Amino acid sequence: MPEIPDAAYCTVAPDWVCEVLSPSTRRIDLHEKRPIYARENVRRLWFVDPVARDLEAFELRKGEWVLIATAKDDDPVSVPPFDAITFNLGDLWP
């Protein structure tokens, strides 16, 4: 059985973060968290916006976020770190 951590935080940064944007946290997710993820060397960052029905994918290069892909509505998505598969972005929308 996996060990359950006893802390309310992680001590190792993930390789990939996906933020699902909501009206209440949008500003924080888009502007305040991005430099923290860069500082902690998270290599890839996705923003999924269910209202706009789109996805923006970024990669950290020399400390700067570079847009590497966008998708909208029902577009097929095959973006690092999951570029070994393709999924339909429309599968995320109700």
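Part of a loop (DSSP other than H, G, I, E, B), modelled with pLDDT of 95 or more and aliphatic (A, V, I, L, M) - does that describe any residue in the range 13-34?
Yes: the range 13-34 contains one or more residues that are part of a loop (DSSP other than H, G, I, E, B), modelled with pLDDT of 95 or more and aliphatic (A, V, I, L, M).
Restricting the search to the range 35-66, which residues are over 22 Å from VAL77 (Cβ atoms) and either of a type in the set (A, V, I, L, M) or part of a strand (DSSP E or B) (or both)?
Pass one, the range 35-66, residues over 22 Å from VAL77 (Cβ atoms): 35-36, 38-41, 62-64.
Within the range 35-66, ILE36, ALA38, GLU64 meet the criteria.
Give the residue, chosen from ASP73, ASP91, ASP83, ASP29, that is open to solvent by 90 Å² or more (accessible area, probe 1.4 Å), out of contact with any Phe, Trp or Tyr (no Cβ under 6 Å at 6 or more places or on another chain) and among the acidic types (Asp, Glu). Can you show your working first?
Numbers: ASP73 fails: open to solvent by 90 Å² or more (accessible area, probe 1.4 Å); ASP83 fails: open to solvent by 90 Å² or more (accessible area, probe 1.4 Å); ASP29 fails: open to solvent by 90 Å² or more (accessible area, probe 1.4 Å).
Answer to the selection: ASP91.
State whether the residues of the range 43-61 include one that is small (Gly, Ala, Ser), open to solvent by less than 90 Å² (accessible area, probe 1.4 Å) and in contact with a Phe, Trp or Tyr (Cβ under 6 Å, 6 or more places away or on another chain).
Checked against the condition, which is being small (Gly, Ala, Ser), open to solvent by less than 90 Å² (accessible area, probe 1.4 Å) and in contact with a Phe, Trp or Tyr (Cβ under 6 Å, 6 or more places away or on another chain), the range 43-61 yields at least one hit.
The values are calculated or read from the model by the stated rules, or taken from the named source; none is laboratory data. Remember, it's a predicted structure, so these values are computed and weren't measured experimentally. Cβ sites come from the backbone with ideal geometry, for glycine too, and all protein chains shown count toward neighbours. Keep in mind that these areas ignore ligands, DNA and RNA; they rest on the heavy atoms of the full protein, side chains included. Shrake-Rupley method; radii C 1.70, N 1.55, O 1.52, S 1.80 Å.
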